[in-house]
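Since the structure comes first, as structure tokens, the remarks are kept for the end.
None of the figures in this text is laboratory data; all of them are computed from the coordinates on show. Not measured: the values here are computed from a predicted model. Because the Cβ atoms are built from the backbone with ideal geometry, glycine has one as well, and the counts that use them run over all protein chains shown.
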Amino acid sequence: MRIDIITCLPSLLESPFSHSILKRAQEKGLVEVVVHDLRDYAVNKHKQVDDYAYGGGAGMVLMIEPIVRCIRQLQENTSYDEIIYMSPDGERLDQPIANQLSLKRNLILLCGHYKGVDERVREHFVTREISIGDYVLSGGELAAAVLADSIIRLLPGVLSDETSALSDSFQDNLIAPPVFTRPSDFEGMKVPDVLLSGHEQRIDDWRHEQSMKRTAERRPGLLDD
Ligand code: SAH
């Protein structure tokens with residue numbers, strides 16, 4: 001899979017992809033994440049990518065020209081399944097959306113900043129709009145990193161234990177059961193006996209029970225689905 005991220009602040013995206021699972025996924029060649037600086041596609045030598053909003057009002061708007069230039073250049077070599085604009089008013093990201101996008105080959109994630117992007121970009125070039133929740137961030141970069149992370153960890157081979165992503169919360173419409181590690185007794189706070197029993201079937205049953213209980217308590221809506 002290849003994920004191209006278009007941003008006017010590329011340095012914001014350096015760290016999220018340089019550590020742990022996302023870093024290893026790239027090293028293993030399971031995903032290629034390429035960050036593009038909108039300023040490389042600026043319309044003038046001042047590297048301008050934003051301008052005042054028509055009609056007035058506070059806040060700058062990302063211009064259509066640099067964005068479209070960048071998209072078109074990417075499309076010369078690659079055919080994209082989706083051009084996704086990160087936007088607070090988009091479809092709200094959830095596990096089924098991440099699952100669905102993890103089956104795609106090539107994605108563009110477009111990050112807005114300031115007041116957002118010129119509406120014509122959304123109307124004519126963007127194929128999908130995704131929000132990471134009903135709150136407003138300063139830019140789409142953190143949202144794009146969240147979306148990319150949720151997708152990449154699902155790619156086959158990314159997590160060392162093949163079944164690991166499947167046992168995460170929201171897969172199977174269930175919340176994950178509690179987990180524990182050493183020591184088995186910390187100042188009298190004990191790990192449930194069943195987890196120390198070595199009895200695989202009993203452990204599985206206990207985990208399923210805990211999942212059901214947690215889901216009923218924390219996300220009862222998932223059980224209706
Ligand atoms: N004026 C816009 C918000 C702009 S916030 C409005 O009221 O809808 C600046 C940029 O941050 C947006 O263009 C978008 O790319 C990103 N962004 C902000 N909140 C987001 C969210 N919840 N999910 C995804 N992207 C978000």
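Around the amide H of residue 131, modelled in the peptide plane, lie the amide H atoms of 87, 90, 91, 92, 93, all under 5 Å away and 5 or more residues distant in sequence or on another chain. Proximity of backbone amide H atoms, modeled 1.01 Å from N, is registered between residue 109 and 4, 5, 6, 84 at under 5 Å, excluding neighbours fewer than 5 places apart on the same chain.
In percent, what relative contact order does segment 87-172 have, based on Cα pairs under 8 Å that are 6 or more apart in sequence? Spell out each step's value before the answer.
Details: 73 pairs, mean separation 36.1, N = 86.
After rounding, I find 42 percent.
Between 0 and 90 degrees, the angle of helix 200-218 with respect to the longest Cα principal axis of the chain falls at about 50 degrees. GNM on the chain, alpha-carbon springs under 10 angstrom: the most fluctuating residue among 78, 215, 181 is 181. A cut-off of 5 Å between modelled amide H atoms, ignoring neighbours fewer than 5 places along the same chain, links residue 117 with 62.
Between residue 65 and residue 94, the contour length at 0.36 nm per residue exceeds the Cα-Cα span by 7.3 nm.
What percent antiparallel are the DSSP beta bridges of the chain, to the nearest 5?
Details: 6 of 27 bridges.
Among the beta bridges of the chain, antiparallel pairing accounts for roughly 20 percent.
For the pairs 190/213; 47/115; 23/104; 23/115, flag any whose C-alpha to C-alpha distance is greater than 29 Å. Table pairs above 29 Å Cα-Cα are 23/115. If you build a Gaussian network model of the chain, linking Cα atoms that sit under 10 Å apart, which residue out of 171, 100, 201 swings the most? Sorting by GNM fluctuation, first place goes to 201. Charge tally for residue 52 (other residues, Cβ to Cβ under 13 Å; Lys, Arg +1; Asp, Glu -1): -2.
For the pair residue 196 and residue 28, label points projected 7 Å from Cα toward Cβ lie 3.3 nm apart. On C-alpha positions alone, give me the angle between the axis of helix 141-152 and the longest principal axis of the chain, in degrees, nearest 10. Compared with the principal axis, the helix lies near 50 degrees. log10 I(q)/I(0), Debye, Cα-only segment 109-222, no solvent, q = 0.10, 0.17, 0.19 Å⁻¹? Calculated log10 I(q)/I(0) at the listed q: -0.52, -1.01, -1.12. Kirkwood-type hydrodynamic radius, segment 1-116: 15.6 Å, calculated from all non-identical alpha-carbon pairs.
Would you calculate the volume per residue, in Å³, of the smallest convex hull containing every Cα atom of the chain? Could the numbers behind the result be given before it?
On the way: hull volume 39.6 nm³, N = 225.
In the chain, the Cα hull volume divided by residue count equals 176 Å³.
The alpha carbon centroids of segment 1-34 and segment 206-221 are separated by 34 Å. Considering only 147, 22, 174, the Gaussian network model of the chain with Cα springs below 10 Å gives its largest mean-square fluctuation to 174. Based on every Cα atom in segment 145-198, Rg and the maximum pairwise Cα distance Dmax equal 15.1, 41 Å.
Loop-located chymotrypsin sites (Phe, Trp or Tyr not before Pro) across segment 31-74 with a Cβ neighbour count of 11 or fewer within 10 Å are 54, with loop assigned by DSSP.
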